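Q: One structure is given below, represented as structure tokens, and several questions about it will come after.
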Amino acid sequence: MARKDESVTMADVGARAGVTARTVSNVLSGHTSVRPETRDRVLRAVDELGYRLNTSARSLRTGRTGTITLAIPDLTIDYFTDLAGRIMTEAERHDWTVVIQQTGARRDIEIAILSGARRQHSDGLIFQPHALGPGDERYLTGNDRLVILGERIFRGPVDHVTMANTEAARLATQYLIDRGHRRIAAIGANPRVATTSAASLRLDAFRDTLAKNGLSLPAEHVVTAEEWHLRDGAAGMARLLGLPQPPDAVFCFNDTMAFGALHTLAARGVRVPDDVAVIGFDNVAMAEFTTPPLTTIEPGTAQVAKQAVDMLAARVAGRGTPPTEVLTDYSLVVRRSA
């Protein structure tokens with residue numbers, strides 16, 4: 001009868017599988033040097049004996065847990081789902097498991113995660129704050145294994161990966177202008193967040209680009225959306241269509257809202273891009289499969305993931321280099337919606 005208790009050791013598993021304890025360790029660590037038939041025997045023995053790796057003991061021996069924490073605001077937003085998947089893929093190169101913490105964009109939870117009160121013990125933290133902002137640098141103190149993602153809200157002593165929000169938003173807006181659009185609206189403004197947030201940076205660049213091209217921006221053409229969900233894009237587009245003179249193009253500050261906007265346009269029988277052109281921001285996987293496919297900004301998500309994991313790995317390894325800020329590349333992906 002198989003044993004199913006915590007006294008089972010790697011040696012027990014090795015004896016059952018006919019291999020050494022070191023081979024068992026290699027299999028459980030994901031080493032590729034183990035032959036497939038050997039791996040199968042070891043995994044079968046693990047299952048039969050009910051063996052569970054004692055991560056606490058490993059942590060005491062090595063000082064490492066084999067896990068990192070990723071703290072992001074909201075997994076229902078397509079960009080963060082995409083980012084999380086890419087970070088998990090990059091983490092595999094370092095034999096890390098990623099534990100995801102969803103903050104809900106709440107300040108108390110973000111502070112708790114930075115302090116460790118809401119974060120299980122891990123080798124490091126990749127963190128995209130939303131509620132924190134300039135002046136909150138004190139919460140970064142003591143977090144030497146930390147990489148911050150997102151806008152330039154900190155000038156603190158940590159590594160930082162950010163995207164070119166201003167430049168990318170200018171590119172999207174200028175593209176619509178160059179295509180002949182003159183009544184261009186935006187969905188995604190949020191007056192409740194910091195002036196250095198993605199919403200504020202993209203809105204400022206949008207306004208500035210219109211002004212430099214001699215175009216006015218009526219107040220009703222700027223639609224507020226605090227959460228950037230599908231329903232915000234759908235409701236925002238409905239509001240714009242209800243105006244006496246609706247816009248002929250819309251810049252949505254993320255792809256998720258753009259999907260909602262496209263839904264409303266289709267439901268109202270409005271042709272895209274003939275009647276209204278739509279541009280998003282993020283180039284998530286679904287953007288290629290909407291009807292019509294979505295023109296959007298590619299903000300360098302793959303680069304964000306790779307840079308963040310590599311920077312964290314360097315900190316975990318104890319490399320004492322000065323904190324670094326990385327600005328990712330961006331481009332406009334032109335599809336049929338614009």
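Only the coordinates and a few stated rules stand behind these numbers; no lab work does. Computed from a predicted model, the values in this text were never measured in an experiment. We place every Cβ from the backbone using ideal geometry, glycine too, and count neighbours over all the protein chains shown.
Q: Top mean-square fluctuation among Leu215, Leu327, Leu28, Gaussian network model of the chain, C-alpha springs under 10 Å?
A: Leu28
Q: Amide H to amide H under 5 Å from Val278: which residues, 5+ apart in sequence or cross-chain, H placed 1.01 Å off N in plane?
A: Val250, Ala338
Q: Just to confirm the number: angle between the C-alpha axis of helix 230-241 and the first principal axis of the chain, 0 to 90 degrees, nearest 10?
A: Computed tilt is about 0 degrees.
Q: Rounded to two decimals, what is the ratio between the C-alpha radius of gyration of the range 165-298 and 2.2 N^0.38 Å?
A: The range 165-298 yields a ratio of 0.93.
Q: Here is a further query. So what are the ³J(HN,Hα) numbers for the range 328-338, from phi and the Karplus equation (6.51, -1.76, 1.60; θ = phi - 60°), rounded to whole Hz, Gly and Pro as x?
A: Per residue, the Karplus-derived 3J(HN,Hα) values read 7, 6, 8, 7, 9, 9, 8, 10, 6, 5, 9 Hz.
Q: Say R0 is 22 Å: what FRET efficiency, to the nearest 0.05, do Thr196 and Leu217 get from their beta-carbon distance?
A: Efficiency, rounded to the nearest 0.05: 0.55.
Q: Specify the angular offset, from 0 to 90 degrees and rounded to the nearest 10, of the alpha carbon long axis of helix 36-49 from the longest principal axis of the alpha carbons in the chain.
A: On a 0 to 90 degree scale, this one is about 80.
Q: Still on this structure, I have one more. Note down the relative contact order for the chain as a percent, whole number, built from C-alpha pairs under 8 angstrom at least six residues apart.
A: 16 percent
Q: Okay, next question. Mean residue ellipticity at 222 nm from the helices of the chain, using -39,500 (n - 2.57) per DSSP H segment of n ≥ 4 over the full residue count, to the nearest 500 deg cm²/dmol?
A: -12000 deg cm²/dmol
Q: Note down the relative contact order for the range 165-298 as a percent, whole number, built from C-alpha pairs under 8 angstrom at least six residues apart.
A: Contact order relative to length: 25 percent.
Q: Which of Ala17, Ala285, Ala205 ends up with the largest GNM mean-square fluctuation for the chain, with Cα atoms connected below 10 Å?
A: Of the options given, Ala17 has the highest mean-square fluctuation.
Q: Taking the DSSP beta bridges in the chain as the whole, what percent of them are antiparallel, to the nearest 5?
A: 10 percent
Q: Next up: Which residue, Leu265, Leu203, Leu312, has the most motion in a Gaussian network model of the chain that connects Cα atoms within less than 10 Å?
A: Evaluated over the chain, the most mobile residue of the options is Leu265.
Q: For the chain, state the average projected area of the convex hull of the C-alpha atoms over all orientations, rounded to one decimal in nm².
A: So the Cα hull casts an average projection of 20.8 nm².
Q: Can you list which of the trypsin sites (Lys or Arg not before Pro) found in the range 247-337 are DSSP loop residues with at most 11 other C-beta atoms within 10 Å?
A: Here the sparse-neighbourhood loop sites are Arg271, Arg319.
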